Amino acid sequence: MSEALPLNDAQSCVLQHCVPLGTEKIDLLQSLGRVLAQEVRANRDHPPCDISAMDGYALRAADLGNVPAQLVIVADIKAGDLPTLTVQAGQCVRIMTGAPIPQGADTVIRVEDTQEVDSGFPHPNPDGATSHSTKPASGQVAGYLPEGEGANVSLREKIFDTVQINVSAQSGNDIRRRAENLRTGDVVLTAGTEITPGVLGILAMVKAATVEVQRRPTVAILSSGDELEGLHDPFDADKIPDANGYALMAQVQALGMQPVLLGIARDDPAALRAKLEQGLQYDVLLVSGGTSVGVHDFVRPTLEQLGVRMHFWRVQMRPGHPAAFGTSAGSKVFCLPGNPVASMVSFEQIVAPALRNMLGHTRLYRRTVQARLAQPLKHRPGNLEFVRVVLSRDEHGYLATPTGSQSSGVLLSMARADGLLVVPSESKGLVAGDVATVQLLDGTTFQEHNGIQES
Ligand code: AMP
Ligand code: MG
């Protein structure tokens, strides 16, 4: 176990142990980002019948052999109506988007391709003259109306009963077919689907007011070190402010969980033991610092005394080499390096996929893109390396520029980064223009494979 594991093996190991914890029923309103644990079937045809996709006229395509063609408007149908009439040859109905297509009609012509025709009975226009002219159906009707008459459409119904159709169309034009969205009994969502806004809309369509989802693990975070100063402790220039507890908290929150902060454990076996015992009450415990092999690094032996079985203690990556993982009866424990960048990077590589696996996701890894390096990068063969980069785009694609000093103690290198550029372990260095894989740190999109070529 003293051997450092290749990253892919470390990931396989954590995924084997960090599996979904079971399911719970929750309110649809709280379900965004959760993972469905049930199959969902359509409980209705949607739309329930053929409907119009446009505001326009429903008619018989056969009547449009010679256009323009004049048709008599025999009814007005709006969404929610249940028409009983049958459209005969030479007839049409005025129809609104979402309204059922009546019997006899087999196509829809949108209003923009028509002109309503004055049926012949006189009506006043603003200067008192009468008009019998052909007017465009949309837009200009208001000019005919007496002052104060706002409901143009209903007046138009009174004025026009004939329409000129200017274009021909195939049967089925601008008709949304019955059940094109949902068909009764069809499986529309499978277990394992992440509830995105679109999925949530479908759940509402099938009236799933509660949904069965994978349970979220409880997560606790512990920082360790005598030198650490808590966020609310008095300022002491000789101390090191606890950044890891909060950066890890945010990384967990970004995955949709609310962790509990256990604060700081001092480098003293008894104090550490008490805090670790508390942490082992949670499904997942993250400990940062104190995981090296210094004489004051008590985390590993104390965990082992508490019944935690360690599965690995080193990973062939930098930063993040001293990342470790163990399990107890009720908990998964990740020991992360104390250096702030190393803590965050090892979270990304080891903890994030494990947490997403527990949440029931199938896409566990940060999305990767290929990017050209803007400047050379030194690399000593041995470990996979993650270089913090800013990404820009030019006509050839993404360009990656390192965010200054790559020391694992310089947290600004992470704070400024758009992504982590992967330098394969056996690389002897990269030159400007070399193409490399970059894990995107922002965004909520994940992929199934880690995209990492280790050597
Ligand atoms: P350790 O892993 O305990 O040997 O710590 C390695 C380095 O990380 C030391 O310089 C620590 O001061 C620093 N460090 C450890 N824990 C934290 C923390 N929670 N926040 C910021 N820096 C830390
Ligand atoms: Mg320490």
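The values are calculated or read from the model by the stated rules, or taken from the named source; none is laboratory data. Computed from a predicted model, the values in this text were never measured in an experiment. All Cβ positions, glycine included, derive from the backbone under ideal geometry; neighbour counts span all protein chains shown. With ligands, DNA and RNA removed, areas are computed over all heavy atoms of the protein, side chains included. Shrake-Rupley method; radii C 1.70, N 1.55, O 1.52, S 1.80 Å.
Scan 413, 427 and give me the residue that is open to solvent by less than 50 Å² (accessible area, probe 1.4 Å), within 16 Å of ligand 1 (Cβ to nearest atom) and either touching a residue at least 12 places away in the same chain (Cβ under 8 Å) or of a type in the set (S, T, N, Q) (or both). Can you show your working first?
Values: 427 fails: within 16 Å of ligand 1 (Cβ to nearest atom).
Answer to the check: 413.
Could you list, in sequence order, the residues of segment 91-112 that are in contact with a strand residue (DSSP E or B) (Cβ under 6 Å, 6 or more places away or on another chain), more than 12 Å from residue 175 (Cβ to Cβ) and in contact (Cβ under 8 Å) with a residue 24 or more places away in the chain?
Within segment 91-112, 91, 92, 93, 94, 104, 111 meet the criteria.
In segment 223-273, which residue that is in contact (Cβ under 8 Å) with a residue 40 or more places away in the chain, assigned to a loop (DSSP other than H, G, I, E, B) and more than 16 Å from ligand 2 (Cβ to nearest atom) is farthest from residue 294 (Cα to Cα)?
In this case the residue turns out to be 256.
Assess whether residue 247 counts as being within 11 Å of ligand 1 (Cβ to nearest atom), under 19 Å from residue 341 (Cβ atoms) and out of contact with any strand residue (DSSP E or B) (no Cβ under 7 Å at 6 or more places or on another chain). Spell out how you get there, then give the answer.
On the way: within 11 Å of ligand 1 (Cβ to nearest atom): yes; under 19 Å from residue 341 (Cβ atoms): yes; out of contact with any strand residue (DSSP E or B) (no Cβ under 7 Å at 6 or more places or on another chain): yes.
The answer is yes for residue 247.
Which is more than 30 Å from residue 33 (Cβ to Cβ) and either at pLDDT below 95 or charged (D, E, K, R) (or both), of 367, 314? Steps first, answer last, please.
Details: 367 fails: more than 30 Å from residue 33 (Cβ to Cβ).
Within the list 367, 314, the selection yields 314.
Please find, among 264, 221, the residue that is β-branched (Val, Ile, Thr) and open to solvent by 30 Å² or more (accessible area, probe 1.4 Å). Explain how you work it out, then say what you get.
On the way: 221 fails: open to solvent by 30 Å² or more (accessible area, probe 1.4 Å).
Selected residue: 264, the only one of 264, 221 that is β-branched (Val, Ile, Thr) and open to solvent by 30 Å² or more (accessible area, probe 1.4 Å).
Which of the residues spanning segment 277-302 are part of a helix (DSSP H, G or I) and near ligand 1 (Cβ under 9 Å from one of its atoms)? Can you show your working first?
The first filter runs over segment 277-302 and keeps only residues part of a helix (DSSP H, G or I), leaving 277-279, 299-302.
The one that is part of a helix (DSSP H, G or I) and near ligand 1 (Cβ under 9 Å from one of its atoms): 299.
Please give the number of the condition residue 203 fails out of (1) open to solvent by less than 20 Å² (accessible area, probe 1.4 Å); (2) at negative phi; (3) touching a Gly at 6+ places or on another chain (Cβ under 9 Å).
(3)
Go through (1) away from ligand 2 (no atom under 11 Å from the Cβ); (2) among the β-branched types (Val, Ile, Thr); (3) free of Cβ contacts under 8 Å to residues at least 40 places away in the same chain; (4) open to solvent by 40 Å² or more (accessible area, probe 1.4 Å) and name the single condition residue 302 misses.
(4)
Run residue 207 past the list (1) within 23 Å of residue 356 (Cβ to Cβ); (2) outside the structural domain of residue 349 (by TED's automatic domain parsing) and report the number of the one that doesn't hold.
(1)
So how many residues does segment 274-294 have that are surrounded by fewer than 21 Cβ atoms within 10 Å (Cβ to Cβ) and within 11 Å of ligand 2 (Cβ to nearest atom)?
Final tally of qualifying residues: 2.
Pick from 336, 373: which is buried (at least 20 other Cβ atoms within 10 Å of the Cβ), more than 20 Å from residue 444 (Cβ to Cβ) and touching an Asp or Glu at 6+ places or on another chain (Cβ under 8 Å)?
On the way: 336 fails: touching an Asp or Glu at 6+ places or on another chain (Cβ under 8 Å).
Within the list 336, 373, the selection yields 373.
Right, residue 229: out of contact with any Gly (no Cβ under 9 Å at 6 or more places or on another chain) and within 15 Å of ligand 1 (Cβ to nearest atom) or not? Give the derivation first.
Working: out of contact with any Gly (no Cβ under 9 Å at 6 or more places or on another chain): yes; within 15 Å of ligand 1 (Cβ to nearest atom): yes.
It is true that residue 229 is out of contact with any Gly (no Cβ under 9 Å at 6 or more places or on another chain) and within 15 Å of ligand 1 (Cβ to nearest atom).
Yes/no matrix, rows are residues, columns are (1) more than 22 Å from residue 348 (Cα to Cα); (2) aliphatic (A, V, I, L, M); (3) out of contact with any Lys or Arg (no Cβ under 6 Å at 6 or more places or on another chain):
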{"site": "223", "(1), (2), (3)": "no, no, yes"}
{"site": "236", "(1), (2), (3)": "yes, no, yes"}
{"site": "243", "(1), (2), (3)": "no, yes, yes"}
{"site": "252", "(1), (2), (3)": "no, yes, yes"}
{"site": "255", "(1), (2), (3)": "no, yes, yes"}
{"site": "260", "(1), (2), (3)": "no, yes, yes"}
{"site": "268", "(1), (2), (3)": "yes, no, yes"}
{"site": "292", "(1), (2), (3)": "no, no, yes"}
{"site": "298", "(1), (2), (3)": "yes, no, yes"}
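Mind checking which residues of segment 276-301 are β-branched (Val, Ile, Thr) and within 13 Å of residue 334 (Cβ to Cβ)?
The first filter runs over segment 276-301 and keeps only residues β-branched (Val, Ile, Thr), leaving 284, 287, 291, 293, 295, 299.
Correct list: 284, 287, 291, 299.
Can you find, within segment 4-38, the residue that is least open to solvent (accessible area, probe 1.4 Å) among those that are among the polar types (S, T, N, Q) and free of Cβ contacts under 8 Å to residues at least 24 places away in the same chain?
Going residue by residue through segment 4-38, those that are among the polar types (S, T, N, Q) are 8, 11-12, 16, 23, 30-31, 38.
Subsequent filtering for residues that are free of Cβ contacts under 8 Å to residues at least 24 places away in the same chain retains 12, 16, 30.
Working: 12: 68, 16: 138, 30: 125 Å².
Result: 12.
Which count do you get for residues in segment 157-200 that are in a strand (DSSP E or B), open to solvent by 50 Å² or more (accessible area, probe 1.4 Å) and farther than 21 Å from residue 96 by Cβ?
The initial filter retains those residues of segment 157-200 that are in a strand (DSSP E or B), namely 160-165, 175-176, 182, 187-189, 194.
Those still in the list that are open to solvent by 50 Å² or more (accessible area, probe 1.4 Å) too: 161, 176, 187, 194.
Remaining after also requiring farther than 21 Å from residue 96 by Cβ: 187, 194.
Residues in segment 157-200 being in a strand (DSSP E or B), open to solvent by 50 Å² or more (accessible area, probe 1.4 Å) and farther than 21 Å from residue 96 by Cβ: 2 in total.
Under the condition of being away from ligand 2 (no atom under 16 Å from the Cβ) and either without any contact (Cβ under 8 Å) to a residue 40 or more places away in the chain or part of a strand (DSSP E or B) (or both), which residue from segment 313-327 is most open to solvent (accessible area, probe 1.4 Å)?
Within segment 313-327, the match that is most open to solvent (accessible area, probe 1.4 Å) is 318.
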